[in-house]
Structure formats: structure tokens, C-alpha cells
Amino acid sequence: MARVTGDGTVGKALEVLDQVAAFGRPVRFSELLDKSPFPKPTLYRFVQTLTSQQMLSYDPERQTYAPGVRLVRLAHAAWEQSTLAPIARPHVDALSKAVGETVHLAQLDHAQVLYIDKRNAGNPVQMYSQAGKVGPAYCTGVGKVMLAFCDPKVIDSVIEQQSFHVFTPHTIATPAALRDELADIRAHGYGFDREEHEPGIICVAMPILSDTGRVLGALSVTSTTRRTNLAGLEAYVPILQETANHISQDAQNWSFPDYETPEATRI
């Protein structure tokens, strides 16, 4: 069942939007009701209002709801104005062409990782990460390298919100192990995903930092254990660092949303 926010009507309406989006497909009202914390009349009122405002779209033939065109426009505006993606695009393109592997660009979204851009390898591999998806911070390369360079109070808060669900035999499963990993990342300046989120998927990741050391985002080069190994990916550290520096310089005049102490649901 979805959680109920304390943010009044607007917060509740946003919860309904989140719920619709979480299905990943058009959804019937009865399916929403099964997972909703709201009584049927309340949920119906929210759904009708969101539909009339074009935040949801309704298919009368299938009797299903999906994210609406107005929401798509807002999402595009957010991508253009509130993420590194437009600034980083030419650098991500160049990096992808140079390494021939999958490249990810990500930012922290409270206690989670938000993938904001992705370039597939010439021979792409199916994996979880896609632009627009969120993932856990404790077992992804981009998540760990961003977290490692955050303010200690932010690190404490984010760690408190991690579920430490064990996805693979290599997943970091405790706060203490994560803190050790973050210390190692700070010492070296980059980090790895050692099949921690998905079996067979590995990456090397680099934080994107401002001149003052503020975390702007992260880059990763991702591959599979069938193609290469961690030592092979580590060879990309110099070009990753160079790319991160270029993005950082281009972002100096960008009004990046401040990262506040997160209060998100556990992931």
C-alpha cells in the first residue's frame, strides 16, 4: 500500500501520480484502489481531477489511466532546467564514443540515485538502469561515489534511509561496510559496482564535483563480467576524470538545486 504524506491535498495528489507511474503501464482504477491508502471516493476524486488537468490520461476503450501530456511537458522542463543532462550531453556522447561501453549520468535524489542520461554500448546489454529511473544509493557505483563526497551529516541521513536489501552475493549489506567503502572511494577518488545491484553488471564511477567540492552528479562506465573485469574498467579512470572535470567547468554557472538532508522513504 502506498504511503500517505503529511503535505495536504497536493501531497496526496502527487502520491496518486507516483502510484500510477510505478505500475510502468496503463492501469485500471481497480488496480490503483487495491494499492491505495485512500478510500474509493477520495481516490476517484483525485484521479478525476488529475485527468481533467491532463496530469493523467484516460483510455475509455481499455478503461486505463497513464501519465498525461501535461506531466510529460513538466518532466521535460525539469530535465532541461534542473538536471545536469543538457550541460553534460556532449561530454557524455564523447565519452561513450571513446570507450564503447554503456555510460550513465546520475544525480542524487534525496536518498536515491536518479539516472538522468544513458548512452548504450555498440552491443547493448539489458540492465535495470534507464534515464528517469531511480535506484539505491548503497549498491550502485554512481550512488556510492556521490555519497562518499557529501557532507558527513548528509551521509549519515542517507545511510539511515537505505534498506540494505541484498540483491546479489556481492551487495553491501550493512552500514558499517558501506562506510568502509565510502572511505576507500574518498581515498582513491572513484569507485566500483562489483555486481552489487545486478549479477554480471560491473562499473567504474566518478563523482562530478564543483570547484568547492559540492556534489553535482556522477558518471559511470558500465559493462559485464563476460566482456571485461574491474581492472579493465579501471583503465577508463583518466578519461572519466577528464569528462567529469569538463562537465563541472561547464556547470559552474548552472543554478544547481541544493541537496538538503533527505527525508525520503527507505529504498
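Taken together, the values in this text are just the output of simple stated rules run on the coordinates, not laboratory data. Since the model is a prediction, treat every value here as computed from it, not as a measurement. Neighbour counts run over all protein chains shown; Cβ positions are idealised from the backbone, glycine included.
Of the residues making up region 204-226, not a single one is more than 22 Å from Asp109 (Cα to Cα) and touching a Phe, Trp or Tyr at 6+ places or on another chain (Cβ under 9 Å).
For (1) surrounded by fewer than 23 Cβ atoms within 10 Å (Cβ to Cβ); (2) on the phi > 0 side of the Ramachandran plot, each residue gets a yes or a no:
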{"residue": "Thr171", "(1), (2)": "yes, no"}
{"residue": "Pro199", "(1), (2)": "yes, no"}
{"residue": "Val204", "(1), (2)": "no, no"}
{"residue": "Gly213", "(1), (2)": "yes, yes"}
{"residue": "Val237", "(1), (2)": "yes, no"}
{"residue": "Ala244", "(1), (2)": "no, no"}
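Of all residues in region 145-172, those satisfying the criterion of being of a type outside the set (Val, Ile, Thr), more than 24 Å from Glu242 (Cβ to Cβ) and either more than 20 Å from the chain's Cα centre (by Cα) or not in a loop (DSSP other than H, G, I, E, B) (or both) are Pro152, Lys153, Asp156, Ser157, Glu160, Pro169, His170.
Tell me, which helices (runs of 4 or more DSSP H) wholly within region 1-70 include 2 or more residues that are of a type in the set (Val, Ile, Thr)? The qualifying helices (runs of 4 or more DSSP H) are 8-23, 40-52.
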